[in-house]
1. Mind checking the full-extension length gain between B:Phe39 and B:Arg156? Use 0.36 nm per residue of separation minus the Cα-Cα distance, one decimal, nm.
2. Rg to Rh ratio, the stretch B:343-422, alpha-carbon atoms and Kirkwood radius?
3. Once you place label points 7 Å from the Cα toward the Cβ at B:Arg127 and B:Ser495, how far apart are they in nm?
4. With runs of 4+ DSSP H residues as the only contributors, calculate the mean residue ellipticity of chain B at 222 nm using -39,500 (n - 2.57) per run, divided by the residue total and rounded to the nearest 500.
5. Using a Förster radius of 35 Å, what is the FRET efficiency between B:Gln329 and B:Lys246 based on their Cβ-Cβ separation? Nearest 0.05, please.
6. Percent relative contact order of the stretch B:361-518, based on C-alpha pairs within less than 8 angstrom and at least six residues apart?
7. Just flag the trypsin sites (Lys or Arg not before Pro) in the stretch B:62-130 sitting in loop per DSSP whose Cβ has no more than 16 other Cβ atoms within 10 Å.
8. Under the definition of Cα pairs under 8 Å and six or more residues apart, what whole-number percent is the relative contact order of the stretch A:216-322?
Amino acid sequence: MPLLVTASATPELANWSNLALYSAMAVYTIAMLLFAAHLAALGPDTEADAAAARAGADDLGDDLADDRADERADALVGAVAGSGAAGRTGGIGSGDGAAGPVRSTLPAADGPRVGSSAADEGSRGSLRARKLGSTGMSMTWLASVLLLASVVLRGLSVARAPWGNMFEFATAGATVAAFAYLLLARRYRWEWLGIFVVGPILLTLGTALLAFYTEAAELMPALKSVWLVIHVTVAILAVGLFIVAFGLGVAYLLKVRRDAAEVGTRSRRLAFLDSLPSATRLERSAYGLNMVGFILWTFTLVAGAIWAQKAWGSYWTWDPKEVWTFVVWVVYAAYMHARATAGWEPRKAMWIAIAAFATVIVNFAIVNVFFVGQHSYSGL
Amino acid sequence: MSTANPPRRDTEIRQPQLGPLGWARWVWRNLTSMRTALFLLLLLSVAAVPGSVFPQRSIDAGRVADYLAANPTVGPWLDRFGFFEVYQSPWFSAVYLLLVISLIGCIIPRTKLHWHALRSRPPRAPRHLERLGTCATAEYAGPPDAALTAAREALRRKRFRVFSHDESSVSAEVGFLRETGNLLFHVAICVVIVGVAVGHLFGWRGDVIVTEGETFASVFSQYDTFDTGVMVDPSVLPPFTIRLDKLDVRFEREVGGAQFGAPRGFTAYTTAVERPGQAPQERIVTVNEPLTLGGADIFLLGNGYSPVVTVRDAAGKVIYQQATPFLAQDNLYKSVGAIKVPSAAPKQLGFSGFFLPTAEPTFVNGPESVFPDLDSPELALSVWEGNLFPGGRPQSVYTLNTAELAPVPRADGKPLAIRLKPGQSYDLPGGRGSISFDGVSRFAGFSVRTDPGKGLTLAAALATLTGLIASLLVRRRRVFVRVEPAPEGDRSAGSTTLVTIGALAKSADPGLAAFVSDLAAQLGTSPTLVAAATRTERT
Ligand code: HEM
């Protein structure tokens, strides 16, 4: 790739990229405040309201919305597999003429697809809460577009894929998490998840700027490879999904705890949890994202080994970075097992998923900076 | 959530007395349970961590030695428990061997079960389909046998395996690929381990430093270091030769900060002869682009400087003239090395010290380099005399063994230290001759490697990925269809049939209800969902 070898950095573009990054962070901060207000507004004012919210029509709306969400999740997963999983897609696509009138008689399964968006919006709190939530979403869109622009400008300024050092991995990873969240939130009405995702994103960007900032520059020779694009891109995608799944997992654990507590003793501050989808659904969504993330991470591991073979002559040397990539993989595998093991509560399995996410953080923030190894690309 | 343990036939343990066989069974059953697998996986992840915290001999023996020197109390204990060779240590091996045994113990019964499942028919439709998790009904405009045929075809189109146990029902199954994929995944993990083992037994690697203009012949004795599996005969290495014509390097000059001086490009221009008698070929080796000769891969893994030094005796006769590699110690290529002149008289002479590609001129903090490229090269050496090779023992070419050496003093009695720029020479005191620094060549560090297991490992790793995708994304479903003539009153327009569809999924399958109602809609009019797996009450 001669382009990669000869091109050097264009500092003006890098400055614009940084400006876009600062703006994105400012807008994310606003979005986070809006999401916080949204959650506060979601929490019913009294326990009586809470009880009302859990019962009756609202609950139905919830379930319908979530049914739809699950279906979409299936379609998503099927698309990833590239092989319409066992007739699922056939089922969705078979809307021929006869189906029209037929559907209306199938309220439980087909109702949501026909689209009762009024019903599910009704289930997500007051008008005020809804307004706050949707403004938060708009701000998140704006911030994420700015963030994407920052990544693209950085890429243009160095004439290569902009993920060659820790600062660049962090911003790219945050971008993936942001867009994964935005797209999922649009389908599943996940405004309530906003603070759980935008919070970590802001934290990531702040750390990237303060601790990892690296001047825009050409890559070191070992990184000049198509495998940088393949391996690191997939790793960043995986981490983006793990972040969103982590947010869901935390929400799930909070919700399970709240559901188990006596009604009278529940914290007012976490009242918004009552308006979230059921614990079962939160758990299932987290599992789905972790599962796709795990597949991508498996690919990351394999692609990394292929690259190591090319660059260092050995596909596995137990370099600290390899060790931690492996540890991440094994802990997520343990999570998958825990979830598939009869007799293991999903709650316990979720704790393993949380631990697995902690290893992702260690792998990125600690191993790159403090451990001595061949992966000396932090740029610090 | 599914019951993940494959059912086993020997479910009762006889409580009172377990004979040896009973114990063996008990151990085996526990070892191959999902819980144990889960525990071992978590244990494996914990056991792998120390290898990233402590320096490892297999990666950098020098750092291990430094660590031991710095921690004289804890160090030896850590060493005793294998913390510097974690991945060869008994405890790490124990964890993964147990995991492999557990894995195999898991795979075998599951493969058997799956094999039978693949060849057996879907079971008979239960009597009360509405008791299944998901159920729907529809009216088919036509007689029951036509309805059944339509159902069969609809299911076949969706790649179900279809069988009728009687005249009024159809049983169908889909998604065997899920378990097949899962088995493939677990088997492939075992094969990855086999591939790694093959590489360790049959592979070898040799490292060598080649200075510009030199030729390296691949013979066991010519390698600087050589590591080999137990099954390799080092006398039959591929007999290639490789000459380093030129090494191009480039370092960051434009961007400041931590990036200044970072490596940007290394290219080795070589002339290679694959087998004696073959024509020489010009070949390029760069980072990420190894060269393959005679089945061995040659990687460019290191580089540095070889100052060309000439030592003359008092009469002016050349007694040493060589490009001598100095090893870089830091990112700015402050390099250490030694020049050993055994033929000097009356005593052997040795020089040791630093080569600095861009010397910091004042030496206030000792000899330092401020840039990795050759902007202002300088040699800083101390001079020794005596016996260079005490006891004739092997020693590093980059350091002097000073056990039987004494520093050569200056006129004022202090130890002599000399600094040389290219082209300069220095007359040693006391008629010991002279040393001159003629110029600098670069050297390339090549690593020559073979790994006969890597193809197998790669294939297995890709199989893992394929298996995983199938295992996690394919849905396993069972669908039953039962038909009966519709009640008399409804038969206004010829014969109609009441179709009932029930379905089961192996694991949580939120799309099942939609699938069943779609099928109902396809088969007849006024379909009604009787029960959905995720929600039993209807509104
Ligand atoms: C070498 C380490 C192992 C790894 C990395 C691993 C990984 C996995 C993964 C990723 C899954 C998919 C989980 C799912 O379907 O949700 C799985 C499933 C499974 N594993 Fe393992 N596994 C390992 C060892 C074992 C062992 C030793 C056993 C036997 C005790 C085992 C038994 C199973 C079973 C029965 C399933 C199917 C669960 C189900 O979907 O119902 N695995 N494994």
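1. On the way: separation 117, 0.36 × 117 = 42.12 nm, distance 4.16 nm.
Here the segment from B:Phe39 to B:Arg156 would lengthen by 38.0 nm.
2. On the way: Rg = 14.6 Å, Rh = 14.1 Å.
Result for the stretch B:343-422 is an Rg/Rh of 1.03.
3. 2.5
4. Numbers: 10 runs with 151 residues, N = 539.
Only helices count here, giving -9000 deg cm²/dmol.
5. Numbers: r = 25 Å, r/R0 = 0.70.
Efficiency computed from Cβ-Cβ geometry: 0.90.
6. Numbers: 140 pairs, mean separation 20.3, N = 158.
Result for the stretch B:361-518 is 13 percent.
7. Values: sites: B:Arg63, B:Arg80, B:Arg110, B:Lys112, B:Arg119, B:Arg124, B:Arg127; in loops: B:Arg124, B:Arg127.
Here the sparse-neighbourhood loop sites are B:Arg124, B:Arg127.
8. Numbers: 70 pairs, mean separation 41.8, N = 107.
Over the stretch A:216-322, the number comes to 39 percent.
The values are calculated or read from the model by the stated rules, or taken from the named source; none is laboratory data. Because the structure is predicted, anything quoted here is derived from the model rather than measured. Using ideal geometry, Cβ is built from the backbone for each residue, glycine included, and neighbour counts are taken over all protein chains shown. Surface areas here come from the heavy atoms of the whole protein model, side chains and all, with no ligands, DNA or RNA. Shrake-Rupley method; radii C 1.70, N 1.55, O 1.52, S 1.80 Å.
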